[in-house]
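Undergrad: For reference, the structure I am asking about is given below.
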Amino acid sequence: MNSKQGALGAPLALSRLGPRARLLFAAALGLLVIGIVAVHRLTDLGPGWSDPDSMMRLVEVRDLLAGQGWFDLTQYRLDPPDGVLMHWSRLVDLPIATIILAASPFTDRAGAELFAANLWPVLLVIPFAFALASAAGRFGGEIARLVTLLMIFLSPQVKGVFLPGDLDHHNVQAVLVAFVLMGLVRADGARRWPLVAGMAAAISLAVGMETLLAVLLAILGLAIAWIIDADRWRRGFMLFTGALMAGTLLAAAATIPPSRWLVPACDTLSFAYLTPVLVGGAAVIVLAAALRGHDDGLPGLLMRGGALIAVASLLVTIAAVLFPICLAGPYGGVDPAIRPIWLDRVSEAQGLIATLEGRPDLVPPLYIAPFAALVLGALALRRMPTADRPAFTVVLSILGGSVLLGVMQLRALVGAQIVASAAVGAVAALAVKATAGQDDARSVARRWTWLVAVPMLWTFVVMAVDRLTARPDIDAAEAATMTDCRAFFGDVLGPRPPGLVVATSNFGAFLLKATPHGVLAAPYHRDAHGILAVDAVFTGADPEAAFRATGAGYLAACMGDAELNQMAERAPEGLAARLIRGERPSWITEVASGPAGAIFSARPSGIDITGSLPVLPLRPSIGE
């Protein structure tokens, strides 16, 4: 079989498809976009808009449009007066700001923001689905591409990052990961594919370190392919590495101010990552050029594998000496004090055990579906043409590593679902080809076995079990409560002069977006000082002193807020618990109250609010 064709003899790129296939793919892609918008509808950026990261992104974009510097990512209203230097990237702010500016001549600023919030994430579906389907088409042609599109629509975690109103950077990262995958599975072909993959990997790291795992696993998969077949994969390995090095340098120059070029940071592109990329990349290029592997059999395989292990050991040593704290990952530099009270309770940081204990309904779609895709992919690997196996090994490396790390942290499973969509597309196409013309029960079952890896199928199973057991919809109730609280906080605090608000981190981004006030806490690990200050107010032994020390003018509490209730559990006699019980300490006065929450301010210190006269000295009684 031609090395530039997949298992069904399909050409490499979608651009080479025939008119019928291209028309069918375009129609399916259009239906995917329409389906996402039709099922989930457009957002209105009101109190029902619930994603804090999207709200904070909009705040960042507003700051950029208002004249804040390109390199200045400080949120000055978050934990003022110094603010918090965010770890996000202007590379995501730029296109959103561009859409807002383009729409501004036709509507007011609020309308332009609404237009951008609904358009931007849906636009990203197109390159994402194109790249992911193209990656699957490398192995299974037209059927693989179409099944991949269907998998995207039937994967809530994947589809969820492209919903209207999702301004977070995760959708951009998903697109870049898809392009990395599309390029790497073809890295043994034309030169452009490994270059595309390397540049996409570099940009993804500049956007956010959440893709660090996917990039490392992609490098591992490509390294394995080179170890197995050095002649075929050597050029692609070198081009990918060179593009990753060049792209990382360009991204660093575009996003890091010169004053911070030599400042290491674990949670964003910095000197701590530039060093291993440049050192490791140079070493890999030298090795790939030297170890050409002309039919050198097992000795050559062991030599290449050993050389890469030596490079990896060198990089770990460099990191251990220069950036030891970053060996713990992007959160290595987090203040240990906020781990037990906030970070360990963040849902995406939970592992399998915590999910089984707290949300067992999430286990089937999040864990079983990608694991089933991994098993099906491993079985399909054995039946693939020899020429396709190294490329599919890249897919399985990313998928397997993401599933394994997902056992420790949920956030890795989104990447697993993305890659699983392409893997299942290839598996389905190979099964259809292998059973063509066979209608016996075994062949029919084999053609449809891929359905066990569809996340939505497992979601339906969970929904059926919930219905049979009459399990209450806790998520819907909590979402309604939070929406009511956001509406109440915005209505009361929005018209008031700017001040500082003490509220749980769940409301920090909303208050920055919807009001002119500053806040102490928002759900970001760099805001450790503000999170700890708010925790001291709600759980500390002296909440009055803690509140007055912040200089805040308002205290906002939503009684159904999960974060506030967790604080109440940790400190049963703290302010959070007392407010939830309906108690009102004497040092606060109620500014406004609603069905789900209340807003308070502190009474002026030193004033007796009991209503009694001050104690007067009395004369000694007669006769004494």
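This table checks each residue for (1) within 18 Å of Ala135 (Cα to Cα); (2) assigned to a helix (DSSP H, G or I).
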{"residue": "Leu399", "(1), (2)": "yes, yes"}
{"residue": "Met408", "(1), (2)": "no, no"}
{"residue": "Gly415", "(1), (2)": "yes, yes"}
{"residue": "Ile418", "(1), (2)": "yes, yes"}
{"residue": "Ala436", "(1), (2)": "no, no"}
{"residue": "Val444", "(1), (2)": "no, yes"}
{"residue": "Val465", "(1), (2)": "no, yes"}
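Undergrad: May I pose another question? Does the stretch 235-254 contain at least one residue that is charged (D, E, K, R), more than 23 Å from the chain's Cα centre (by Cα) and within 23 Å of Leu176 (Cα to Cα)? Write out each step before concluding.
TA: Going through the stretch 235-254, the residues charged (D, E, K, R) turn out to be 235.
Restricting the remaining residues to those that are more than 23 Å from the chain's Cα centre (by Cα) gives 235.
With the extra rule that they be within 23 Å of Leu176 (Cα to Cα), the set shrinks to 235.
So far as the stretch 235-254 goes, yes, one or more of its residues are charged (D, E, K, R), more than 23 Å from the chain's Cα centre (by Cα) and within 23 Å of Leu176 (Cα to Cα).
Undergrad: Against the definition (crowded, with 20+ Cβ neighbours inside 10 Å and under 21 Å from the mean Cα position of the chain (by Cα)), how does Ser50 come out, yes or no? Don't jump to the end; show me each part of the working.
TA: Numbers: crowded, with 20+ Cβ neighbours inside 10 Å: no; under 21 Å from the mean Cα position of the chain (by Cα): yes.
It is false that Ser50 is crowded, with 20+ Cβ neighbours inside 10 Å and under 21 Å from the mean Cα position of the chain (by Cα).
Undergrad: Something else about it: Hey, Ala202 hits all of (1) surrounded by fewer than 21 Cβ atoms within 10 Å (Cβ to Cβ); (2) in contact with a Gly (Cβ under 6 Å, 6 or more places away or on another chain); (3) not basic (Lys, Arg) but one; which does it fall short on?
TA: It fails just one condition, (1).
Undergrad: Quick one: in the stretch 85-99, of everything that is among the aliphatic types (A, V, I, L, M) and within 14 Å of Gln68 (Cα to Cα), which residue is farthest from the chain's Cα centre (by Cα)? Steps first, answer last, please.
TA: Here is the first cut: in the stretch 85-99, the residues among the aliphatic types (A, V, I, L, M) are 85-86, 91-92, 94, 96-97, 99.
If we keep only those that are within 14 Å of Gln68 (Cα to Cα) too, we end up with 85-86, 94, 97.
Working: Leu85: 19, Met86: 15, Leu94: 19, Ala97: 21 Å.
So the residue we want is Ala97.
Undergrad: Here's a follow-up. Name the residue that is surrounded by the most Cβ atoms within 10 Å (Cβ to Cβ), counting only residues in the stretch 340-397 that are within 30 Å of Asp188 (Cβ to Cβ) and aromatic (Phe, Trp, Tyr).
TA: Applying the first criterion (within 30 Å of Asp188 (Cβ to Cβ)) to the stretch 340-397 yields 369-397.
Restricting the remaining residues to those that are aromatic (Phe, Trp, Tyr) gives 371, 392.
Details: Phe371: 21, Phe392: 26.
So the residue we want is Phe392.
Undergrad: Working only within the stretch 561-577, note down all residues that are open to solvent by less than 30 Å² (accessible area, probe 1.4 Å) and under 26 Å from the mean Cα position of the chain (by Cα). Spell out how you get there, then give the answer.
TA: Let us first name the residues in the stretch 561-577 that are open to solvent by less than 30 Å² (accessible area, probe 1.4 Å), namely 561, 563-564, 567-568, 571, 574-577.
Within the stretch 561-577, Asp561, Glu563, Leu564, Met567 qualify.
This table checks each residue for (1) open to solvent by 20 Å² or more (accessible area, probe 1.4 Å); (2) under 19 Å from Ala110 (Cβ atoms); (3) hydroxyl-bearing (Ser, Thr, Tyr).
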{"site": "Arg57", "(1), (2), (3)": "no, yes, no"}
{"site": "Val61", "(1), (2), (3)": "no, yes, no"}
{"site": "Gln75", "(1), (2), (3)": "no, no, no"}
{"site": "Asp82", "(1), (2), (3)": "yes, no, no"}
{"site": "Ser89", "(1), (2), (3)": "no, no, yes"}
{"site": "Val92", "(1), (2), (3)": "no, no, no"}
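Undergrad: When the stretch 239-275 is examined, which residues are found to be open to solvent by less than 40 Å² (accessible area, probe 1.4 Å) and either farther than 20 Å from Met86 by Cα or free of Cβ contacts under 8 Å to residues at least 40 places away in the same chain (or both)?
TA: Phe240, Thr241, Gly242, Ala243, Leu244, Met245, Gly247, Ser270, Leu274, Thr275
Undergrad: So which residues in the stretch 288-310 are of a type outside the set (A, V, I, L, M) and within 22 Å of Phe240 (Cα to Cα), if there are any at all?
TA: Residues of the stretch 288-310 of a type outside the set (A, V, I, L, M): 292-297, 299-300, 304-306.
If the condition is that a residue be of a type outside the set (A, V, I, L, M) and within 22 Å of Phe240 (Cα to Cα), then Arg292, Gly293, His294, Gly300, Arg304, Gly305, Gly306 are the ones that fit.
Undergrad: Scan the stretch 32-47 residue by residue and report those that are more than 21 Å from the chain's Cα centre (by Cα), open to solvent by 50 Å² or more (accessible area, probe 1.4 Å) and closer than 16 Å to Phe153 by Cβ.
TA: Correct list: Ile34, Ala38, Val39, Arg41.
Undergrad: Would you point out which residue out of Glu113, Glu142 is acidic (Asp, Glu) and open to solvent by 20 Å² or more (accessible area, probe 1.4 Å)? Walk me through it before giving the result.
TA: On the way: Glu113 fails: open to solvent by 20 Å² or more (accessible area, probe 1.4 Å).
Within the list Glu113, Glu142, the selection yields Glu142.
Undergrad: Could you count how many residues in the stretch 289-311 are at pLDDT 90 or above, small (Gly, Ala, Ser) and crowded, with 16+ Cβ neighbours inside 10 Å?
TA: Total meeting the criteria: 1.
Conditions (1) in contact with a helix residue (DSSP H, G or I) (Cβ under 8 Å, 6 or more places away or on another chain); (2) touching a residue at least 40 places away in the same chain (Cβ under 8 Å); (3) assigned by the TED database to the domain that holds Ala416, marked per residue:
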residue	(1), (2), (3)
Met86	yes, yes, yes
Thr107	yes, no, yes
Ala112	yes, no, yes
Asn118	no, yes, yes
Ala131	yes, yes, yes
Arg138	yes, yes, yes
Leu149	yes, yes, yes
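Undergrad: Further question: Consider Ala557 carefully, then state whether it is farther than 25 Å from Met55 by Cβ and either at pLDDT 95 or above or in contact with a helix residue (DSSP H, G or I) (Cβ under 9 Å, 6 or more places away or on another chain) (or both). Break it down stepwise before answering.
TA: Numbers: farther than 25 Å from Met55 by Cβ: no; either at pLDDT 95 or above or in contact with a helix residue (DSSP H, G or I) (Cβ under 9 Å, 6 or more places away or on another chain) (or both): yes.
Criteria not met by Ala557.
Undergrad: Of all the residues that make up the stretch 412-463, how many are open to solvent by 10 Å² or more (accessible area, probe 1.4 Å), among the polar types (S, T, N, Q) and in contact (Cβ under 8 Å) with a residue 24 or more places away in the chain?
TA: 2
Undergrad: Further, regarding this structure: Sort through Asp535, Asp561, Asp491 and tell me the only one that's among the acidic types (Asp, Glu), outside the structural domain of Gly358 (by the TED database), in contact (Cβ under 8 Å) with a residue 40 or more places away in the chain and within 30 Å of Leu114 (Cβ to Cβ). Full working, then the answer.
TA: Numbers: Asp535 fails: within 30 Å of Leu114 (Cβ to Cβ); Asp491 fails: in contact (Cβ under 8 Å) with a residue 40 or more places away in the chain.
After ruling out the rest, the residue left standing is Asp561.
The values are calculated or read from the model by the stated rules, or taken from the named source; none is laboratory data. Only a predicted model underlies this, so the values are computations on that prediction, with no experimental measurement involved. When we count neighbours, we look across all protein chains shown, and the Cβ atoms used for this are built from the backbone with ideal geometry, even at glycine. To get the accessible areas, we keep the full protein, side chains included, count just its heavy atoms, and leave off ligands, DNA and RNA. Shrake-Rupley method; radii C 1.70, N 1.55, O 1.52, S 1.80 Å.
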